[in-house]
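**Q** I am attaching a structure below and will ask some questions about it afterwards.
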Amino acid sequence: MDSKWSVYATMVCSNSEDLYRLIDFLNRNLKDKDVIFGMAKSEQHPDKVQITIYRTDAT
């Protein structure tokens with residue numbers, strides 16, 4: 001079964017150690033709700049991170 005990811009929302013914010021823990025917590029607890037949280041360095045703001053919420057649709 002394939003899954004398709006679509007971006008639901010994005011946000012740029014300051015980085016912190018707790019942010020990694022929060023993303024991990026959300027992914028572990030909401031995986032059965034067809035959402036995935038991603039975190040990456042912001043291309044526009046090197047000192048910040050971009051949080052992305054993806055909706056997964058199994059096909």
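**Q** Please work out which one of (1) touching a residue at least 12 places away in the same chain (Cβ under 8 Å); (2) under 11 Å from the mean Cα position of the chain (by Cα) is the condition LYS4 fails and give its number.
**A** If we test LYS4 against (1) touching a residue at least 12 places away in the same chain (Cβ under 8 Å); (2) under 11 Å from the mean Cα position of the chain (by Cα), just (2) comes out false.
**Q** Pick out the one residue from GLN44, GLN50 that is among the polar types (S, T, N, Q), at pLDDT 90 or above and surrounded by fewer than 11 Cβ atoms within 10 Å (Cβ to Cβ).
**A** Only one candidate passes the filter, namely GLN44.
**Q** Anything in the range 1-23 that is assigned to a strand (DSSP E or B), modelled with pLDDT under 90 and exposed (fewer than 11 other Cβ atoms within 10 Å of the Cβ)? List them, or say none.
**A** Residue satisfying the conditions is LYS4 alone.
**Q** If we keep just the residues of the range 24-59 that are of a type in the set (Asp, Glu), without any contact (Cβ under 8 Å) to a residue 40 or more places away in the chain and not in a loop (DSSP other than H, G, I, E, B), which is farthest from TRP5 (Cα to Cα)?
**A** So the residue we want is ASP24.
The values are calculated or read from the model by the stated rules, or taken from the named source; none is laboratory data. The model shown is predicted, which means the values in this text are computed figures rather than measured ones. Here Cβ is always computed from backbone atoms with ideal geometry, including for glycine, and neighbour counts include all displayed protein chains.
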